[in-house]
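Quick notes on the structure that follows.
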Amino acid sequence: MELYRPLVAEEYRAVEARGFEGFPPRSEEQPLFTALLSEEGATQIARHMRISKTAENLIYVVSFLVDDAYIRQFPVQHAKERNRRALWIPADEVEILNQHLIGRIRLLASYQIDRSDGEVFFA
């Protein structure tokens, strides 16, 4: 299954440091790893993110393939917008998710973001 995710610059650099072969572990404040089912949904979130005033103002959208047999255990979560359907993967599953990636994580787009309000609402 192909999934999508917007990444703040720090997370993107961590993925890059791993050779685009896995996502970094989640911090304690981040109990979930959210993967979107559509590129459109990930792009909408990326283009409208508010980020900390101290953070780099770039957001990246990536795609990645995951083994269907593994990823099907996570139920689809629905947001108001139909294209924002997502999988919520517990933080302690990220290393296991990485073992089920097929190929490398691919960069699809990057966006420069206005940091006006100072809160990350998707991570």
### Message
What pairs come out if I take residues in region 40-55 that are under 18 Å from ARG85 (Cβ atoms) and pair them with residues that are modelled with pLDDT of 80 or more and in a loop (DSSP other than H, G, I, E, B) whose C-beta lies under 8 Å away, six or more apart or interchain?
### Response
GLY41/ARG85
### Query
Within region 11-25, which residues are in contact (Cβ under 8 Å) with a residue 40 or more places away in the chain and in a helix (DSSP H, G or I)?
GLU11, TYR12, VAL15
### Message
Considering only residues that are over 16 Å from VAL94 (Cβ atoms), modelled with pLDDT of 90 or more and assigned to a loop (DSSP other than H, G, I, E, B), which ones fall in region 26-71?
### Response
LEU37, SER38
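The values are calculated or read from the model by the stated rules, or taken from the named source; none is laboratory data. Quick caveat: nothing in here was measured; it's all calculated off a predicted structure. Heads up, the Cβs are rebuilt from the backbone with ideal geometry, glycines too, and the neighbour counts pull from every protein chain shown.
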